[in-house]
């Protein structure tokens, strides 16, 4: 895995290796990440990345958030409660030298605390597939003040997702076994 474009372009990210069987680490492949960012930057959504505050829920390796940071995001906050994931995120922050604009919250994304800062403009949501954690995490993020009005949510799952209350469905895409649902906070 590597960063596809931007200031960290071609930086090789830490390998998941054997990972942690309980961690459900399933990094977004370079190909899917590249396609996804091409969609985001393709004009239909304007430029949702430059200057954005990025929240990466169920961050795993942090590849999605770091890709956004590399392409002009202002800052990124990673949320993951897995020890292996936290280790990979820290290593990838170190590899990209993004310590000043990246933060890790070691917490279950479905139980977010109140946000004590500005809300986030771009939110990546990549929960373990098929467990219903995405809806719960999105509800927790909304209730806790993490989601800005008009925020773009990029939700990866194994099936297309229905927009929950407070969100409009913008688009859905399928990349192999991965379904990406794009939502906007209203």
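Can you pull the one-decimal nm distance between simple spin-label points at residue 45 and residue 169, each 7 Å off the Cα toward Cβ? That separation, rounded to one decimal, is 1.7 nm. One decimal place: the segment residue 149-residue 15 gains 44.7 nm when fully extended, by the rule 0.36 nm per residue minus the C-alpha distance.
May I ask you to derive the relative contact order of the chain, considering only C-alpha pairs under 8 Å and at least 6 residues apart, and to give it as an integer percent? Before the final figure, lay out the partial values.
On the way: 381 pairs, mean separation 32.0, N = 186.
Result for the chain is 17 percent.
Considering the zone a paramagnetic label at residue 135 would reach in this model (a point 7 Å from Cα along the Cα-to-Cβ line), which residues of the stretch 145-186 have amide N under 16 Å from it? Backbone N within reach: 155-169, 181. Here the simple spin-label model places points 7 Å from the Cα toward Cβ, and for residue 115 and residue 29 these points are separated by 3.2 nm.
Based on DSSP H segments of at least four residues, each scored -39500 (n - 2.57), the chain has a per-residue ellipticity at 222 nm of -7000 deg cm²/dmol.
Looking at the chain, the DSSP beta bridges with both ends there are about 45 percent antiparallel. Label-to-label distance for residue 5 and residue 108 is 3.8 nm, based on points extended 7 Å past Cα in the beta-carbon direction.
Every read-out reported here was derived from the displayed coordinates using simple, explicitly stated rules and does not represent laboratory data. Note that this is a predicted model, so its numbers are computed, not measured. Using ideal geometry, Cβ is built from the backbone for each residue, glycine included, and neighbour counts are taken over all protein chains shown.
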